[in-house]
Protein chains: 4
Amino acid sequence: MSADSSAVTAAVPGTPDPALLEDLVAANRILSDHGVLDAYGHISARDHGDRQHYWISRSMPPAQVTATDIIACDLDNNPVRAGETRLFFERVIHGEIYKARPDVMAVLHSHSPGLIPFCNSDTRLRPMIGSAAFLGEGAPVFDIRTVDDEGDLNICTLAQAKGLAQALGRHCLVLLRGHGAVAAGSSIRQIVRQAIIAESNARQQIQATLLGPVHFLTASELEFAKHHKPKDPDRAWQLWKQRAMGEQKA
Amino acid sequence: MSADSSAVTAAVPGTPDPALLEDLVAANRILSDHGVLDAYGHISARDHGDRQHYWISRSMPPAQVTATDIIACDLDNNPVRAGETRLFFERVIHGEIYKARPDVMAVLHSHSPGLIPFCNSDTRLRPMIGSAAFLGEGAPVFDIRTVDDEGDLNICTLAQAKGLAQALGRHCLVLLRGHGAVAAGSSIRQIVRQAIIAESNARQQIQATLLGPVHFLTASELEFAKHHKPKDPDRAWQLWKQRAMGEQKA
Amino acid sequence: MSADSSAVTAAVPGTPDPALLEDLVAANRILSDHGVLDAYGHISARDHGDRQHYWISRSMPPAQVTATDIIACDLDNNPVRAGETRLFFERVIHGEIYKARPDVMAVLHSHSPGLIPFCNSDTRLRPMIGSAAFLGEGAPVFDIRTVDDEGDLNICTLAQAKGLAQALGRHCLVLLRGHGAVAAGSSIRQIVRQAIIAESNARQQIQATLLGPVHFLTASELEFAKHHKPKDPDRAWQLWKQRAMGEQKA
Amino acid sequence: MSADSSAVTAAVPGTPDPALLEDLVAANRILSDHGVLDAYGHISARDHGDRQHYWISRSMPPAQVTATDIIACDLDNNPVRAGETRLFFERVIHGEIYKARPDVMAVLHSHSPGLIPFCNSDTRLRPMIGSAAFLGEGAPVFDIRTVDDEGDLNICTLAQAKGLAQALGRHCLVLLRGHGAVAAGSSIRQIVRQAIIAESNARQQIQATLLGPVHFLTASELEFAKHHKPKDPDRAWQLWKQRAMGEQKA
């Protein structure tokens, strides 16, 4: 565990990409606006040029993040700039997933309220609609006891983060028993979209169980989704961003 | 499937009816305000004078539609004006329903969140209250696999849209497995009203199942509703419009 | 049924009580603000001096009611002032309940969304907490088929309203199968308070059924409530009024 | 029972701590903002210097409390200042818990809506996530009938409050059958945090029961939480305070 006080300063990465920073700020606000994040949770993006570094806000409420609050860390989760002390304890999640998944460009840790019932159940979160196909045959659940059973369920050590990355495997989303969720994807916008869809899918799946057996996406529908991108995802991003940033100004 | 890039320009219809355009803008806003539409989904209205054309917004978030965003298409879903490229992929739904149902003057495709549980269940959405009598003995569910099983569940081909129109039959609402809903009616205001009622009816029906057997409308009550219009439906329209357009200004 | 067009003008009652009008306006706004009323539904108050008349708004959305929209009707539901044409079809409910229940000073008809599941179920709405003791052993359900089976479930005829008043009996609340609810009480403020409590009680009772057998108030607790007034009910009224009227101004 | 009219004036405590008053005002606003408190309920804090007194608002809606509305009471619930008449009837809860629990520095009585289903059920409210570990093996339920069965379920007498304090025991939260909840903790900020977590935990536990057997925190996780403080709880407090106080200004 890289504790805050003992954080080593990492090698300096290239200049931050303004577009990446803008998306990361918007992501924090959008996810707060949709109730996926409240006072806690964090989203990061891997640097496009220097794949050994990622960008993440200092430890603060996501709803209040601005571009100047975003800092660079190496994949051992050490901040690049000396003197950074307001760091998320659980940032170890980000580094370990970027190491284990070269395809992953963005990582989100949330306590998305609709997902919690599935974190503590043997019933898998499964896709109700086409846009939730990324849930596949069901989101896996990581039980921290498979690593150790002596903490507060937060992911604070390398061993815990490695166990989590292993449970994530090739999935887009892993649920954490008694805790929350971690999403990994190919872009900031993709994981924001998937986080909002996962939250509503969870609520709809719970309601559907009251009506009898639930028909989830078929194997061929899941297979199709692996090879095709969603149509016009940017439309939602722009709408959500406008709402979230507008509210912030008011 | 008439893809966006290959859209053929249709014959020019008469001048747009300002009242129809105003209602169509208000409908987009009201449905967004009620959560029936989010970033996706679309509502159209058949031209009153030229029954071979319908009006629909360009591909954009319904909450942001203004009168200048609304364009005319023929029943093969080709835009009347040359150069239109921002078109909904699924507009094929609209043309096929207008062809199959001469009585229909407005069509709505949504992902109304409360309806999704019924899209993936063998339990039918049925009317809880008199104003939901348009649901009849239960909304049918269209399974796209009855047409083909190789897409993303969106209705993008003529064959899929024809299958959907067939499943709709003489109903006012058809649910789409793993996807959403399509409503058809005699006016913009009617399908907006019915969309809002369907959403609340769905939530109430799910809650009612927790209390034991649910008593739905009787056969004679359904029969009565077929022959009588609702009392003073415009009162709700005006209230919803005022709220939705006011919020937009703010 | 006293249809709108054939409304007879009733004898003129005394000058309206400004305090009663102010409470009636506030009641319309508070109930809209809490989602008990949407575009439809109505609340009336019996005149304090002239018990053969009651005050009610013209047919309009409750959220928009002002003092000048409130008119007087006699207990046969005829407006006092000549030329009134915007009248609620279902105002017959009010007259019949005032006739049947001399103790009743205010009547509310709503489609309170949380109550609908109980309207269509054999499970009774019962009190979860002390302030809901007015629900007694459970709210009765009026089935309009006990009168006739040929309408749209609205209460439009004297026979239907008499049947409803009979089903209400000595209760504070009666549910209407496939329709909504009617509350009767000793003051405007009391029925507003009870309407808001009934709505939340309904939601809580449904949730409680998921946890196993529900423990409702005991017989002695119900008996106590019959003889004691709630403590400081005006505190909630003033808070709700301030919020509802403030929002209206903004 | 110390009735309002017969309130004895207690010995004067030291000057109020401005920081405590500021937190108590913020707590009232935050809990209103989160729907834990509506027009009723109250939160108090024990004086840091004079442990025989506590601070609480006059009887008023929590959403409207300012620093000048907060008064001191002794542990027999008598106001320090002469002439105070707007006092909560149920303030006896506060005095008895401060007497029984020397470790307790803040007490909250609410009717938190999500908790009510658990008040009337044999199913215990249990922790879904690490931050809810304070719920332990499940919140106890106090049944006022163990003291007497002749009132309105409010806690108005010393005997009732003593019974409640006994049911609370060493717990952080006790539910009251047919009524609400009482929380006790080491600081204002802690009980506010725990009240908000308890409310969301209740909703999540009910949803989880729909998915099958629920996996709650393990015995070792509960044990760990007894000996470790939550990480950075002040982040949420500051965010919630900013939102709640900002809304108040607007």
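The values are calculated or read from the model by the stated rules, or taken from the named source; none is laboratory data. Please read all numbers here as calculations on a predicted model, not as lab measurements. Here the Cβ positions follow ideal geometry from the backbone for every residue, glycine too, while neighbour counts run over all protein chains shown. Accessible surface is based on the protein model in full, side chains and every heavy atom, while ligands, DNA and RNA are left aside. Shrake-Rupley method; radii C 1.70, N 1.55, O 1.52, S 1.80 Å.
Side notes on the structure shown:
- Here D:Ile93 does not fit the description of being surrounded by 24 or more Cβ atoms within 10 Å (Cβ to Cβ), at pLDDT 95 or above, at the interface with another protein chain (Cβ under 9 Å from one of its Cβ atoms) and under 26 Å from C:Phe216 (Cβ atoms).
- Residue check, C:Ser32 touching a Phe, Trp or Tyr at 6+ places or on another chain (Cβ under 7 Å) and of a type in the set (S, T, N, Q): no
- Any chance A:Asp47 is open to solvent by 10 Å² or more (accessible area, probe 1.4 Å), more than 12 Å from chain D (Cβ to nearest Cβ) and touching a His at 6+ places or on another chain (Cβ under 6 Å): yes
- Counted as qualifying within region D:43-122 are the strands (runs of 3 or more DSSP E) with 2 or more residues that are without any contact (Cβ under 8 Å) to a residue 60 or more places away in the chain, namely D:53-57, D:70-74.
- The sole residue among D:Ala82, D:Ala67, D:Ala39 that is farther than 27 Å from D:Arg243 by Cβ and surrounded by fewer than 24 Cβ atoms within 10 Å (Cβ to Cβ) is D:Ala82.
- Within region A:210-231, no residue satisfies the criterion of being at the interface with chain B (Cβ under 7 Å from one of its Cβ atoms), of a type in the set (Asp, Glu) and over 30 Å from B:Thr209 (Cβ atoms).
- Matching entry among C:Gln248, C:Gln207, C:Gln194, C:Gln242 (being more than 30 Å from C:Leu75 (Cα to Cα), more than 8 Å from every other protein chain (Cβ to nearest Cβ) and modelled with pLDDT of 95 or more): C:Gln242
- Which listed residue is of a type in the set (Asp, Glu), farther than 21 Å from A:Leu24 by Cβ and touching a residue at least 24 places away in the same chain (Cβ under 8 Å), from A:Glu199, A:Glu221: A:Glu221
- Looking across C:Ala139, C:Ala184, one residue alone is of a type in the set (A, V, I, L, M, F, W, C) and closer than 28 Å to C:Ala19 by Cα. It is C:Ala184.
- Residue match in region C:193-215 (condition: more than 30 Å from D:Leu125 (Cβ to Cβ) and among the aliphatic types (A, V, I, L, M)): no
- Test: residue in region B:198-215 that is in contact with a Phe, Trp or Tyr (Cβ under 9 Å, 6 or more places away or on another chain) and within 24 Å of B:Asp103 (Cα to Cα): yes
- Condition met for B:Ala161 (under 14 Å from B:Val104 (Cβ atoms), more than 14 Å from chain A (Cβ to nearest Cβ) and touching an Asp or Glu at 6+ places or on another chain (Cβ under 8 Å)): yes
- Candidate set from region D:106-116 (those that are of a type in the set (A, V, I, L, M, F, W, C) and touching a His at 6+ places or on another chain (Cβ under 8 Å)); member that is nearest to the other protein chains (Cβ to nearest Cβ): D:Leu108
- Picking from residues in region A:117-130 that are within 8 Å of another protein chain (Cβ to nearest Cβ) and open to solvent by 10 Å² or more (accessible area, probe 1.4 Å), the one that is farthest from B:His111 (Cα to Cα) is A:Asp122.
- Every condition in (1) among the β-branched types (Val, Ile, Thr); (2) touching a strand residue (DSSP E or B) at 6+ places or on another chain (Cβ under 7 Å); (3) facing another protein chain (nearest Cβ under 10 Å) is met by D:Val182 except one, and the failing one is (3).
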